[in-house]
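Enquirer: Below is the structure I would like to discuss, written out as structure tokens.
Every number here is computed from the coordinates shown, using simple stated rules; none is lab data. Here the structure is a predicted model, which is why all the values come from computation and not from measurement. Because the Cβ atoms are built from the backbone with ideal geometry, glycine has one as well, and the counts that use them run over all protein chains shown.
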Amino acid sequence: MASVLARSRFSRLLLLLLVVGLTGLLLFFSRGGDSGSTNGDATQAPAGPFVKSETASSPFGVTASNLSKGLTATQLAGQRIVTGFNGRTVPPVIRRQIRAGLIGGVILFSANLGSDRQIVRLTRSLQRIARPEGLRRYPLMVMVDQEGGLVKRLPGAPNASAEQMGARGAAYSRRQGALTGLNLKTSGFNVDLAPVLDVARPGGVIADTGRGFGSTVRKVNDTAIRFANALQRTGVAATAKHFPGLGAARENTDFAVQRIRLSKAALRKVDMAPYEIFAANRGKLVMVGSAIYPAFGPRPAMFEPKIVRGELRQRLGFQGVTITDAMGAAAVTSYAGIARAAILGARAGMDILLYGDWQSASKGRVAIASRLRSGKLPRGQFTRAANRTLQLRAGLPTGKPGS
């Protein structure tokens, strides 16, 4: 009897070992023969000390994949374009471009906005425009500058300027962020081009206009970041601006070229510091400014790879969407024409190019689409940029009641 039981136990053990072995082989081959590689590519290099996975800390809550698969080169370029337009109704040309997948979003200004009813009607009509099959599940980005104080397109929250919010502290800033998100979401906006994270250096244009939350890194971190976090909890994406920091600028870059002659050490210690906290808190967008920082190079920041890729992406680990400051700003137009500026921005690592008018936006889109087709803009880099914008849009409110 004992020998029978022993043989039975031995048989069961052999069967168990056989099952475990077969399972291991199946897993091995299903992963391409190497658990450390993807798609059977055993030559994939590990990330460097500053390079962080695009999926590990993605702020979007959507697994990174090729969301833009099936789009034409022109449509891929279109997902990187945001444009403004004239009037309080959607112009036919904007309708056509949305239907064709040629723009990824719009920015609305005071001239576009009237009564509460008109605003809701406009934003809903934008979202209702049919899009190509591969884009139907992604809401349009509907953006607005709603900082508070001097830069405020809609009535209602925030009910104070950034300077006033900073002075009143963390709890007040958090409350204003929540109220601003509800205000924008109710009106059909899903991206706020705020808050300003510029450390307001005394004598600079940010301090003089009340657009900064404070004159120290600690004050900006304690208040502006809380505003952004509360805003995003409502579903509206926050946009930190103007990287790497405009606190030392004497004039507005919309109207004048600004060269900020701070050292790399000073910029990193003060001006860039709040962006690291914003990135760690899963902030959705960062606007890169158009001032020139000679410590990093001769180009406007949004055209400088050392700033966009080197500082923002690699050193600070930002995984969200990058967006240019206004492509029609004096600091941009004095440096390059419309087509060249679009190419420089895309090449530097800007995901979204922001235009005030559809004519310039169309020229920019055509320019980067042409470079994509010719191979002068790398397809992999281009596709990753388009995918990031679609990841962002996948989680935005649609403008419909209850969304």
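Enquirer: Structure shown: which of Lys269/Lys376; Lys69/Lys269; Lys185/Lys376; Lys152/Lys269; Lys69/Lys376 lie over 32 Å apart, alpha-carbon to alpha-carbon? Each step should come with its number before you reach the end.
Expert: On the way: Lys269/Lys376 36 Å; Lys69/Lys269 40 Å; Lys185/Lys376 39 Å; Lys152/Lys269 30 Å; Lys69/Lys376 20 Å.
Those over the limit are Lys269/Lys376; Lys69/Lys269; Lys185/Lys376.
Enquirer: Relative contact order for the stretch 291-369 using alpha-carbon pairs under 8 Å, separation at least 6, rounded to a whole percent? Let's see the in-between values first.
Expert: Working: 97 pairs, mean separation 24.2, N = 79.
31 percent.
Enquirer: Residues with amide H under 5 Å of Glu251's amide H, sequence separation 5 or more or different chain, H placed in the peptide plane at 1.01 Å from N; which?
Expert: Val205
Enquirer: Something else now. Return the ratio Rg/(2.2 N^0.38 Å) for the stretch 151-285, where Rg is computed over Cα atoms only. All intermediate terms of the calculation are to be shown ahead of the outcome.
Expert: Numbers: Rg = 14.1 Å, N = 135, 2.2 N^0.38 = 14.2 Å.
This ratio for the stretch 151-285 stands at 0.99.
Enquirer: So if each residue of separation counts as 0.36 nm, and I subtract the Cα-Cα distance between Ser115 and Ala280, what length gain in nm does that give? Write out the running numbers ahead of the final one.
Expert: Details: separation 165, 0.36 × 165 = 59.40 nm, distance 3.76 nm.
Gain on extension, Ser115 to Ala280, equals 55.6 nm.
Enquirer: Using the alpha-carbon centroid of each, what span in Å lies between the stretch 114-141 and the stretch 332-359?
Expert: Here the two parts' Cα centres lie 25 Å apart.
Enquirer: Amide H to amide H under 5 Å from Thr83: which residues, 5+ apart in sequence or cross-chain, H placed 1.01 Å off N in plane?
Expert: Gly105, Val106, Ile107, Tyr355
Enquirer: Students often get this wrong: which residues of the stretch 108-143 have the backbone nitrogen under 13 Å from the point 7 angstrom along Cα-to-C-beta of Thr72?
Expert: Those under the cut-off are 132-133.
Enquirer: Under a plain spin-label model, where a point goes 7 Å from the Cα along Cα-to-Cβ, how far apart in nm are Ser334 and Ser374?
Expert: 2.9
Enquirer: Principal axis extents for the stretch 238-388, Cα atoms only, whole Å, descending order, please.
Expert: That works out to 41, 32, 26 Å along the principal axes.
Enquirer: Under the √(5λ) rule applied to the eigenvalues of the Cα gyration tensor, what semi-axes describe the equivalent ellipsoid of the stretch 178-237? Give them in Å, descending.
Expert: Values: eigenvalues 121, 30, 10 Å².
Taking √(5λ) for each Cα gyration eigenvalue gives 25, 12, 7 Å.
Enquirer: Residues with amide H under 5 Å of Gly328's amide H, sequence separation 5 or more or different chain, H placed in the peptide plane at 1.01 Å from N; which?
Expert: When sequence neighbours closer than 5 places are left aside, the close amide H contacts are Gly356.
Enquirer: Next up: Can you list the HN-Hα couplings for the stretch 94-106, worked out from phi with the Karplus curve (6.51, -1.76, 1.60; θ = phi - 60°), rounded to whole Hz and with x for Gly and Pro?
Expert: 5, 4, 4, 5, 5, 4, 8, x, 9, 9, x, x, 10
Enquirer: While we're here: Each residue of the stretch 345-356 in order: what ³J(HN,Hα) in whole Hz does its phi give by Karplus 6.51 cos²θ - 1.76 cosθ + 1.60, θ = phi - 60°, with x for Gly and Pro?
Expert: x, 5, 5, 6, x, 7, 6, 10, 9, 9, 10, x
Enquirer: Tabulate in residue order the Karplus-calculated ³J(HN,Hα) for the stretch 215-220, using 6.51 cos²θ - 1.76 cosθ + 1.60 with θ = phi - 60°, rounded to whole Hz; enter x for Gly and Pro.
Expert: Each residue's phi maps through the Karplus curve to give 9, 10, 4, 4, 5, 5 Hz.
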